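Read-outs: derived from the displayed coordinates by stated rules, not from any lab. Source: prediction; values computed, not measured. Using ideal geometry, Cβ is built from the backbone for each residue, glycine included, and neighbour counts are taken over all protein chains shown.
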Amino acid sequence: MQYLISKKMIFQNWITWDKRDGLGASKRKYSIGQETILFFTKSNKHIFNYEDIRVPYESTERIRHAGKKGIIKNGKRWFPNPNGRFCGEVWHISSERHKNKINGKIIKLGHETPKPLDMIERIIKASSNPDNLVLDCFVGTGTTALAAKKLKRNFICSDMNKNYVYLAKEKLKAIDKYGHTKEYTLNNFKNNEFLNSLRQNEFC
C-alpha cells in the first residue's frame, strides 16, 4: 500500500470481501473468511459509475413502506431508488469454491483462488466504460477476461503459467455473442494434461 502511495497513486477505498465460504476451523482465533481489495486511482478525475453497481437495500420492510409514501429526510420526502442503494466497502459475495459444490463437496476449479464473476463485473462496471481497455497481468482462470468481454470492454490479460492461459481461453468460449455465459465445468474443456490431472482428482 505504501508503495502505491509513493508512486503518487491516490487511495480511495479499503474494500472487504466477505467470501461466505466457511473456510477455516481454528479454535484459537476467528475463522478467516475475508480478503482485501484496495481501490487506488491515478487522479481524482477517475471513472466511477456508481449507478451501475447499486446493491439491494437491507431493510426490506422499511424500504417497502418508503416506496409507497416516502420517508422524511432533512425536511424532504425521500423515496428509495428502484435499483438499490449505493455500494459500500463490505462486499458479501460467495466465493467460487462455495458456489460450485456438488453434493456438498468442494470441487477443484483449476486454480487455487478463482474470483467470483459477479465481483469482477462490479469492479469493471464501476471503473470503466464500454470499449475501454481492462488489464489483468495475473489472469488465472480468465474471470477478468470473461467479465470484460461480457460487458463489452476490450482487455489484455496475461499469466506466467501457460496452463492458466489455456484455461482462460477455454473459459472465454463459454460466452456467446449476446454476452450470455454458459455453464461450464472441467469436463467441458478439451484434452489437456493439466486439466486431465484435475479431472482425475476432481474433489478437494
request  = List, in order, the whole-Hz ³J(HN,Hα) value for each residue of segment 112-117 obtained from phi through the Karplus relation with A = 6.51, B = -1.76, C = 1.60 and θ = phi - 60°; use x for Gly and Pro.
outcome  = 5, 9, x, 9, x, 4
query = Which peptide among 63-70, 153-160, 117-124 comes first, and what is the full order, when sorted by highest mean count of other Cβ atoms within 10 Å?
reply = 117-124, 153-160, 63-70
ask   = What ranking, highest mean first, results for peptides 10-17, 45-52 when packing means the other Cβ atoms within 10 Å averaged over each residue?
value = 10-17, 45-52
remark   = Phi-derived 3J(HN,Hα) across segment 44-58 with the Karplus relation (6.51, -1.76, 1.60, θ = phi - 60°), rounded Hz, x for Gly and Pro, is 8, 10, 6, 6, 8, 8, 4, 5, 7, 10, 4, 10, x, 5, 8
Residues with amide H under 5 Å from that of Val139, placed H, sequence gap 5 or more = Ser158, Asp159
